[in-house]
Amino acid sequence: MSFARKTLKILALIYLIRGISDLVIAGVGIATNNLDYSTFGPNAMLAAVVIIAKGLVDLAAGVAGIKGANKPSQVDGAFKLGIVAAVVTLAQAVLTLPALGGSALNIGAFVIVVYDLFFVQQAHAVKVENKDRL
């Protein structure tokens, strides 16, 4: 297994963990009606929906990344889901901006966007590597 495929697999496993944690955080936040109002302001419920969507996309990207790392001909799904994950993470970050009622800039979400783009880059590297083999 090449370095790009190993890296993609590790990143995909982290995606699985992130997806599960996002779903748990959003589920607990909705169940207890305590979604860190100080961070999201009046957009707390919208943020919960975005976090649930992000968790589902992260889970799907993780599964697709593992499949793509094991079988490079199927890496295209990981590539596309990584882009969707980056967009959803940006949406989550934007919801915390003070102009939209939030209280702070969510630096963590912007860092996660960099991670999402690294995942996309690794999926692309596996795709190119697979094309070279054929």
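The values are calculated or read from the model by the stated rules, or taken from the named source; none is laboratory data. All values derive from a computational prediction rather than experimental measurement. In this analysis, Cβ positions are derived from the backbone assuming ideal geometry, glycine residues included, and neighbour counts consider all displayed protein chains. Note: areas computed on protein heavy atoms with side chains; ligands, DNA, RNA excluded. Shrake-Rupley method; radii C 1.70, N 1.55, O 1.52, S 1.80 Å.
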**Asked** Looking only at region 1-13, which residues are in a helix (DSSP H, G or I) and in contact (Cβ under 8 Å) with a residue 40 or more places away in the chain?
**Response** A4, R5, K6, T7, L8, K9, L11, A12, L13
**Message:** If I filter region 65-79 for residues that are among the hydrophobic types (A, V, I, L, M, F, W, C), touching an Asp or Glu at 6+ places or on another chain (Cβ under 9 Å), in a helix (DSSP H, G or I) and crowded, with 22+ Cβ neighbours inside 10 Å, do I get at least one hit?
**Reply:** no
**Prompt:** So which residues in region 31-44 are modelled with pLDDT of 75 or more and not polar (S, T, N, Q)?
**Reply:** A31
**Request:** Kindly establish whether L59 is modelled with pLDDT of 90 or more, open to solvent by 40 Å² or more (accessible area, probe 1.4 Å) and assigned to a helix (DSSP H, G or I).
**Result:** yes
**Message:** Residues to consider are V87, V111; find the one that is within 12 Å of the chain's Cα centre (by Cα), open to solvent by 80 Å² or more (accessible area, probe 1.4 Å) and at pLDDT 90 or above.
**Reply:** V87
**Asked** How many residues are touching a helix residue (DSSP H, G or I) at 6+ places or on another chain (Cβ under 8 Å), at pLDDT 85 or above and either at positive phi or open to solvent by 50 Å² or more (accessible area, probe 1.4 Å) (or both) if we restrict to region 1-13?
**Response** 3
